[in-house]
Amino acid sequence: MSKIPASDVLLSARDLTVRFGGVVAVNKVSFDVKRGEVFTLIGPNGAGKTTVFNLISRIYNPSGGTLTYMGRNLATVAPSRIAPLGIARTFQNIELFEHATVLQNLLIGRHVHRRTSVWSEMLFLPGVRAAERETRRKVEEVIDLLELQHYRDQLVAGLPYGVRKVVELARALATEPSLLLLDEPSSGLNVEETGDMAFWIQDIQRDLGITILMVEHDMGLVSKVSDRVLAMNQGEVLALGSPSEVQSNPAVIEAYLGTVDDVTSLRRPPGSVPAASRSGALARGAEPARVLQPATEAVQ
Ligand SMILES: Nc1ncnc2c1ncn2[C@@H]1O[C@H](COP(=O)(O)OP(=O)(O)OP(=O)(O)O)[C@@H](O)[C@H]1O
Ligand SMILES: [Mg+2]
């Protein structure tokens, strides 16, 4: 299927299938994610996008097909070993420890890197102190990168939604992933905040060299940050290509609209593109002005 050299492939899905009772949520889905790219899954509600993430995270076992990460069959990897392998994710519905501070959430996330034994920790041996210093250094670096300094000692429960979304991204980044899975990073964000999220995704890809697999409904964000896009519908692959190729694919338009009359509707209307410069709206904790609707709902 793919002409990508094997050494460039970070994650590979082949005929990936999962059934829930009579529902085939993912049906023979194949794709390759290249090292260093932003690869985005789009598709109407219920297409199977989050299920693909849950298969990669080993929350679900596939009914068929294979997932290979860095040449390793993920079926042989225990769910608890996914984070240490370098795969981190954010969730469609934010999952954080609400009654812990931002800093504590990041430190907890970072514990996948703990290599010291319980005994050495009890005795607080030099190796433990060095590991602790490294953990703090990395976490502070992520706080600086995502401009969360102002919130570091605040409880997550009291933070505006947009900031919590960034904290979740920070928690995933603190684990120093090679592959970052972002499930709808713009959902619940206003246009300004979505613009900031786009910049952060680009920074993470470019400056940290992290490969990103994203699920996203906002076509403006998809076009801005994605190298390649895979469109799904009812568990199956509809199209794969550049953002513009996929958005103008008649099968994709039909899946979203039920008609092929309007080929521009998947694109963000002129004038509503995210701000050209970083607005700082997320860091300021702006309340969402409106919840962006998935394209499926927005165009109906
Ligand atoms: N644990 C489960 N048990 C039963 N059915 C499930 C389960 N998880 C997902 N499904 C079904 O699988 C299909 C795909 O769901 P999934 O959550 O992957 O869609 P999605 O593409 O992420 O949609 P959305 O854009 O709404 O988030 C749906 O029909 C859903 O009801
Ligand atoms: Mg989903």
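Beta carbons closer than 6 Å, at least 6 apart along the sequence or on distinct chains, pair a first residue in region 217-239 that is closer than 17 Å to Val38 by Cβ and in the same structural domain as Glu184 (by TED's automatic domain parsing) with a second that is acidic (Asp, Glu) and at pLDDT 95 or above for Val222/Glu216; Asp227/Glu37. Here Ile204 meets the list (1) in contact (Cβ under 8 Å) with a residue 40 or more places away in the chain; (2) under 20 Å from Arg164 (Cα atoms) almost entirely, failing just condition (1). Just a yes or no: is a residue in region 187-197 at pLDDT 95 or above, in contact with a strand residue (DSSP E or B) (Cβ under 7 Å, 6 or more places away or on another chain) and of a type in the set (A, V, I, L, M, F, W, C)? No. Residue count for region 152-165 satisfying the condition of being more than 10 Å from Thr90 (Cα to Cα) and in a helix (DSSP H, G or I): 7. The combined condition, being within 15 Å of ligand 1 (Cβ to nearest atom) and either β-branched (Val, Ile, Thr) or assigned by TED's automatic domain parsing to the domain that holds Gly109 (or both), is fulfilled by Thr40.
Results for (1) among the charged types (D, E, K, R); (2) at pLDDT 95 or above; (3) farther than 21 Å from Phe97 by Cβ, shown as yes or no for each residue.
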residue: Thr135; (1), (2), (3): no, no, no
residue: Lys138; (1), (2), (3): yes, no, no
residue: Val142; (1), (2), (3): no, yes, no
residue: Ser178; (1), (2), (3): no, yes, yes
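The set of residues in region 27-48 that are closer than 21 Å to Arg228 by Cβ and touching a Pro at 6+ places or on another chain (Cβ under 8 Å) comprises Thr40, Pro44.
For (1) under 19 Å from Val52 (Cβ atoms); (2) touching a strand residue (DSSP E or B) at 6+ places or on another chain (Cβ under 7 Å); (3) buried (at least 23 other Cβ atoms within 10 Å of the Cβ), each residue gets a yes or a no:
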{"site": "Gln205", "(1), (2), (3)": "no, yes, no"}
{"site": "Leu213", "(1), (2), (3)": "yes, yes, yes"}
{"site": "Ser223", "(1), (2), (3)": "no, no, no"}
{"site": "Ser244", "(1), (2), (3)": "no, no, no"}
{"site": "Val252", "(1), (2), (3)": "yes, yes, yes"}
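Residues in region 17-68 that are in a loop (DSSP other than H, G, I, E, B), touching a residue at least 60 places away in the same chain (Cβ under 8 Å) and within 16 Å of ligand 2 (Cβ to nearest atom) were compared, and the one that is surrounded by the fewest Cβ atoms within 10 Å (Cβ to Cβ) is Asn45.
Looking only at residues in region 169-188 that are within 11 Å of the chain's Cα centre (by Cα) and either assigned to a loop (DSSP other than H, G, I, E, B) or within 16 Å of ligand 1 (Cβ to nearest atom) (or both), which one is farthest from Arg81 (Cα to Cα)? The qualifying residue farthest from Arg81 (Cα to Cα) is Ser186.
The set of residues in region 86-101 being more than 12 Å from Arg171 (Cα to Cα), touching a residue at least 24 places away in the same chain (Cβ under 8 Å) and outside any strand (DSSP E or B) consists of Gly86, Gln92, Glu98, His99, Ala100.
The values are calculated or read from the model by the stated rules, or taken from the named source; none is laboratory data. Source: prediction; values computed, not measured. Cβ atoms come from the backbone with ideal geometry, glycine included; neighbour counts cover every protein chain shown.
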